[in-house]
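Engineer: Okay, handing you the structure first.
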Amino acid sequence: MDDNVNNLIEMARNARKKAYAPYSGFKVGAALICDDGTIYTGCNIENISFTPTVCAERTAIFKAISEGNKEFSKISVITGDSKPSPPCGVCRQVLSEFVGPDFEVILATTSGEVEILKFKELFPYTFEPNDAIGDN
Ligand code: THU
């Protein structure tokens, strides 16, 4: 596997150590690389009220956007599950606002499994900004 992919997985693995997941016990880490080479990491942050819980992927994406970085090429996501687990539907929708069909999603497990998908495979029928134009 190429060094960039390995590095992104390692950064997600470190970010996962910061996960705040006392309710589910399911810790997730993410690392997002921007076109200028900057990497933003994220972890999931849960809340006793449950709905404010944010996923690792969105933490990383919102960190990038809030720093003015909107061009990304890859995200890695790591869990301690037995098989790689993909971003949830909400994270896919958030990603679809900023990435194209060839954006790479690198799914990893702490035990060393890796699966790489294109965004178009993960989310083939997106709700595009053009779909949101009203008819009145
Ligand atoms: N979670 C993520 O961080 N990313 C996902 O794509 C799926 C779910 C988190 C949210 C929650 O803290 C825990 O995993 C269990 O759903």
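Engineer: I'd like to verify a number: residues in segment 9-31 that are within 12 Å of the ligand (Cβ to nearest atom) and among the aliphatic types (A, V, I, L, M), how many?
Structural biologist: Residues in segment 9-31 being within 12 Å of the ligand (Cβ to nearest atom) and among the aliphatic types (A, V, I, L, M): 6 in total.
Engineer: Consider Gly25 carefully, then state whether it is without any contact (Cβ under 8 Å) to a residue 24 or more places away in the chain, among the small types (Gly, Ala, Ser) and either farther than 21 Å from Thr109 by Cβ or touching a helix residue (DSSP H, G or I) at 6+ places or on another chain (Cβ under 8 Å) (or both).
Structural biologist: For Gly25, the condition - without any contact (Cβ under 8 Å) to a residue 24 or more places away in the chain, among the small types (Gly, Ala, Ser) and either farther than 21 Å from Thr109 by Cβ or touching a helix residue (DSSP H, G or I) at 6+ places or on another chain (Cβ under 8 Å) (or both) - is not met.
Engineer: Right, another one. Among (1) over 20 Å from Asn44 (Cβ atoms); (2) part of a helix (DSSP H, G or I), which single condition is Thr126 missing?
Structural biologist: (2)
Engineer: Return the residue satisfying two criteria in turn: it lies in segment 32-51 and is of a type outside the set (Val, Ile, Thr), farther than 14 Å from Thr110 by Cβ and surrounded by 13 or more Cβ atoms within 10 Å (Cβ to Cβ), and of such residues it is farthest from the ligand (Cβ to nearest atom).
Structural biologist: Cys34
Engineer: Are any residues in segment 52-72 more than 8 Å from the ligand (Cβ to nearest atom), over 14 Å from Leu8 (Cα atoms) and touching an Asp or Glu at 6+ places or on another chain (Cβ under 8 Å), and if so, which ones?
Structural biologist: Asn69, Glu71
Engineer: So, of the residues in segment 73-84 that are within 11 Å of the ligand (Cβ to nearest atom) and within 11 Å of the chain's Cα centre (by Cα), which turns out to be farthest from Phe123 (Cα to Cα)?
Structural biologist: My answer is Ile78.
Engineer: What is the residue count in segment 97-116 for residues that are free of Cβ contacts under 8 Å to residues at least 60 places away in the same chain and in a loop (DSSP other than H, G, I, E, B)?
Structural biologist: The total comes to 10.
Engineer: Being closer than 27 Å to Asn14 by Cβ, in contact with a Pro (Cβ under 7 Å, 6 or more places away or on another chain) and of a type in the set (D, E, K, R) narrows it down to one of Glu104, Glu115, so name that one.
Structural biologist: Glu115
Any read-out appearing in this document is the output of simple, stated calculations on the displayed coordinates, not a laboratory observation. Everything numeric here is computed off the predicted structure, so don't read it as measured data. Every residue, glycine among them, receives a Cβ derived from its backbone with ideal geometry; neighbour counts consider all protein chains shown.
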